[in-house]
Amino acid sequence: MRRTSLTFLFGITLCAFSGGKGWAQESPIDRYITLLRSDLITDKAAVVVSNMELSEKEMNAFWPVYNAYQKELSKVGDEKVAVIKDYTEHIEQVDNAKARELTMKTLAVEEKRLGVIKKYIGKFSKVLSAKQVARFFQLELQMQRLIDLQVAAELPLLK
């Protein structure tokens, strides 16, 4: 029951981190993640639109950068999904070596995510004011933290 619950949780909460793959290559849970992720991406874009207060000219410059940012961020998300899958598949038999490996992989993914954010602060700064860039990343980080909190709240602690 615990593994089924973890798989369901995984499908619901990790959709924001996963990049797309072809339907033919995906398992049922991966297809479910793909569908949920597309809804989440739409919802994130709606939050951005409703909170950024951009002019038409700013929006035209913003969206190509935003789309590239999301694409790069989803690659990092693929790695995060892989680490969480690894964790949930081995939850009952994590020894010290596996715990160390998972910790290092988790930190590496977080560093990559932060690296993407830092990289795109510069790219967004070319098309938006510093205040608009700060506002965007304020929204973005709030949304990421909410997703991270959902995942963390549902994953069991190691024993």
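The values are calculated or read from the model by the stated rules, or taken from the named source; none is laboratory data. Worth saying up front: this structure is predicted, and the values here are computed from it rather than measured. Cβ coordinates were reconstructed from backbone atoms using ideal geometry, including for glycine residues, and neighbour counts include every protein chain displayed.
Structure summary
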{"item": "Residue match in region 151-159 (condition: crowded, with 17+ Cβ neighbours inside 10 Å and either among the hydrophobic types (A, V, I, L, M, F, W, C) or assigned to a helix (DSSP H, G or I) (or both))", "result": "yes"}
{"item": "Residue in region 31-53 that is under 20 Å from GLN150 (Cα atoms), at pLDDT 85 or above and more than 15 Å from the chain's Cα centre (by Cα) present", "result": "yes"}
{"item": "Answer from VAL127, VAL81, VAL109 - the residue that is of a type in the set (Val, Ile, Thr), touching a helix residue (DSSP H, G or I) at 6+ places or on another chain (Cβ under 7 Å), touching a residue at least 24 places away in the same chain (Cβ under 8 Å) and in a helix (DSSP H, G or I)", "result": "VAL109"}
{"item": "Subset of region 43-74 (residues that are farther than 18 Å from MET143 by Cβ and not hydrophobic (A, V, I, L, M, F, W, C))", "result": "SER55, GLU56, LYS57, GLU58, ASN60, PRO64"}
{"item": "Residue check, VAL109 among the β-branched types (Val, Ile, Thr), under 24 Å from ARG145 (Cβ atoms) and either surrounded by 18 or more Cβ atoms within 10 Å (Cβ to Cβ) or at pLDDT 90 or above (or both)", "result": "yes"}
